[in-house]
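Laboratory data are not the source of any read-out in this text; all were calculated from the coordinates shown. Note that the structure is predicted; figures quoted are calculated from it, not measured. Ideal geometry is used to build each Cβ from the backbone, glycine not excepted, and the neighbour counts take in all protein chains shown.
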């Protein structure tokens with residue numbers, strides 16, 4: 001069981017960063033499946049109790065790392081206050097491609113395992129972001145909740161799955177070509193929602 005800790009305490013932040021940095025180094029060297037909590041704590045030079053004060057297990061630290069990376073990257077590209085238009089959609093697609101490529105390059109040995117483990121979590125985060133954007137039109141929250149939720153699911157899944165396939169196929173096409181292809185599929189659906 002994870003202890004309650006003060007997330008704003010500089011010592012907590014420093015220790016969590018140390019654990020995450022050690023985990024990243026290990027993921028670059030070893031397959032995720034062969035990494036143990038002991039490996040992480042040995043690398044970070046902390047005891048297991050300290051690890052468990054921050055994370056439940058290696059899957060929890062993986063999830064934290066992936067979602068943290070995802071949110072840091074998306075906040076640099078996407079304005080959550082924006083409306084969903086072609087420019088915003090293009091930025092979302094480019095961001096997802098960048099994210100998938102970053103994870104793939106950071107975890108050379110086992111990026112497929114890590115991407116598949118976290119795929120659903122990342123899709124849900126992406127869906128939440130698109131849903132938030134969809135519900136805003138000129139700064140007004142609309143009550144099209146059910147319809148917006150369905151459209152957000154379809155858009156986020158389409159974008160993430162296309163980017164994943166692009167990455168698995170060795171990024172044979174340019175990111176711009178992929179973006180245009182995905183947009184030609186999604187934009188008509190957004191236009192239907194707006195009308």
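Relative to the longest principal axis of the Cα atoms of the chain, the long axis of helix 145-168 makes an angle of roughly 60 degrees. In this simple spin-label approximation, residue 50 and residue 8 carry label points 7 Å from Cα along the Cα→Cβ vector, and these lie 2.4 nm apart. Note on residue 87/residue 175: beta-carbon distance plugged into 1/(1 + (r/R0)^6) with R0 of 22 Å gives a FRET efficiency of 0.90. Eigenvalues of the alpha-carbon gyration tensor of segment 1-95, scaled by 5 and square-rooted, set the equivalent ellipsoid semi-axes at 31, 17, 10 angstrom, largest first. Based on alpha-carbon atoms, the Kirkwood radius and the radius of gyration of the chain give Rg/Rh equal to 1.03. In the chain, helical runs assigned H by DSSP with n ≥ 4 each contribute -39500 (n - 2.57); averaged across all residues and rounded to the nearest 500, the mean residue ellipticity at 222 nm is -25000 deg cm²/dmol.
The angle between the Cα long axis of helix 86-106 and the longest principal axis of the Cα atoms of the chain comes to about 30 degrees, rounded to the nearest 10.
Eigen-decomposition of the gyration tensor built on the alpha-carbon atoms of segment 10-56 gives equivalent ellipsoid semi-axes of 18, 11, 8 angstrom, largest listed first. The label-point distance for residue 158 and residue 98, in a model that sets each label 7 Å from Cα toward Cβ, rounds to 2.2 nm. A simple packing score, the average count of other Cβ atoms within 10 Å per residue, orders the peptides 43-50, 116-123 as 116-123, 43-50, with the highest score first.
Over the chain, calculate the relative contact order: mean separation of alpha carbon pairs under 8 Å at least 6 apart, over the residue count, as a percent.
Working: 165 pairs, mean separation 40.6, N = 195.
Relative contact order of the chain: 21 percent.
Taking the longest Cα principal axis of the chain as reference, the axis of helix 175-194 is set at about 60 degrees.
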